[in-house]
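The values are calculated or read from the model by the stated rules, or taken from the named source; none is laboratory data. Computed from a predicted model, the values in this text were never measured in an experiment. Cβ sites come from the backbone with ideal geometry, for glycine too, and all protein chains shown count toward neighbours.
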Amino acid sequence: MEMEGEERIAHERVLAEVEKISAARRKAMPALAAEVAEQLQKLGMPHARFTFDHKTIEAGPQGIDRIRVLFSANKDRSPEALDKVASGGELGRVMLALISLSAGSLGLPTLVFDEIDTGVSGEVADRVGLLMKQMARQHQVIAITHLPQIASKGDAHLLVTKDHEAEAVTSTIRPLNSEERLQALAQMLSGRKTSKAAVENARELLKRR
């Protein structure tokens, strides 16, 4: 009987704690959803809607909340489960928006983005690069990218190459000087054989960084 009483008391304490956590989550969800939607609009999705579907479940390791992210990029469609409706480019931008909003509170000194810009190009790529640049004011940001709009925004440009001639493939990373960076961006714009127009476009990207 004594053990049953202790179990009951412990259970009540756990329920009280998970209720507090659940209340904090419910309170934070509307503001976070609005902030993410605002970031997505800045990232080229003017009609993006982002919200949370919340249900209360039996207490477990994650508390008493079952939360699903709902998303829509189009004004004529209701938000649905993010993993079901978002394209690769949309999913990357949602992740970027979430990371940009949470990095400060999580105390992350360094952020590494491995081709998070997949599926975007043109003006959208430029907006993604600008957000990364803003994040770099508070964190060290390392972006692995094939997009010149994003590569041009960095404070430094590191070139990664692979040597396939040796028995074991080796990778080399080295910083580029100003002229090398210009040529690298031009190649990203036009391919290995750079044109005068590509060089001028690369020069313009660096002016706008």
Q) Does the stretch 13-24 hold any residues that are exposed (fewer than 14 other Cβ atoms within 10 Å of the Cβ) and either of a type in the set (Gly, Ala, Ser) or closer than 30 Å to Val128 by Cβ (or both), and which are they? A) Ala16, Ala23, Ala24
Q.
I'd like the full set of residues that are exposed (fewer than 10 other Cβ atoms within 10 Å of the Cβ) and assigned to a loop (DSSP other than H, G, I, E, B), limited to the stretch 149-176.
A. Asp155, Ala156, His164, Glu165, Ala166, Glu167, Ala168, Val169
Q. What do you reckon, is Gly89 on the phi > 0 side of the Ramachandran plot and either small (Gly, Ala, Ser) or in a strand (DSSP E or B) (or both)?
A. no
Q. How about the stretch 172-209: which of its residues are under 15 Å from His157 (Cβ atoms) and among the hydroxyl-bearing types (Ser, Thr, Tyr)?
A. Thr172, Ser178
**Q.** Test result for Arg137, of a type outside the set (Asp, Glu), part of a loop (DSSP other than H, G, I, E, B) and either farther than 15 Å from Asp114 by Cα or in contact with a Pro (Cβ under 7 Å, 6 or more places away or on another chain) (or both)
**A.** yes
Q) Inside the stretch 25-63, can you point out the residues that are among the hydrophobic types (A, V, I, L, M, F, W, C), outside any helix (DSSP H, G or I) and surrounded by fewer than 17 Cβ atoms within 10 Å (Cβ to Cβ)? A) Ile57, Ala59
Q. Could you give every pair whose Cβ atoms fall below 6 Å, whose first residue belongs to the stretch 120-148 and is under 14 Å from Leu189 (Cα atoms) and modelled with pLDDT of 90 or more, and whose second residue is of a type in the set (D, E, K, R) and assigned to a strand (DSSP E or B), counting only separations of at least 6 or pairs across chains?
A. none
Q: Scan (1) surrounded by 17 or more Cβ atoms within 10 Å (Cβ to Cβ); (2) aliphatic (A, V, I, L, M); (3) at pLDDT below 95; (4) farther than 23 Å from Gln140 by Cα for the single condition Leu70 breaks and write down its number.
A: (3)
**Q.** Residues located in the stretch 53-96, provided they are in contact (Cβ under 8 Å) with a residue 40 or more places away in the chain, touching a strand residue (DSSP E or B) at 6+ places or on another chain (Cβ under 8 Å) and of a type outside the set (Val, Ile, Thr)
**A.** Asp65, Glu90, Leu96
Q | Filtered residues of the stretch 99-129 (kept if in a helix (DSSP H, G or I) and either among the charged types (D, E, K, R) or surrounded by 17 or more Cβ atoms within 10 Å (Cβ to Cβ) (or both)) | A | Ile99, Ser100, Ala103, Glu123, Val124, Ala125, Asp126, Arg127, Val128, Gly129
Q: Examine the stretch 174-189 for a residue that is closer than 25 Å to Val112 by Cβ, without any contact (Cβ under 8 Å) to a residue 12 or more places away in the chain and within 20 Å of the chain's Cα centre (by Cα), and state whether such a residue exists.
A: no
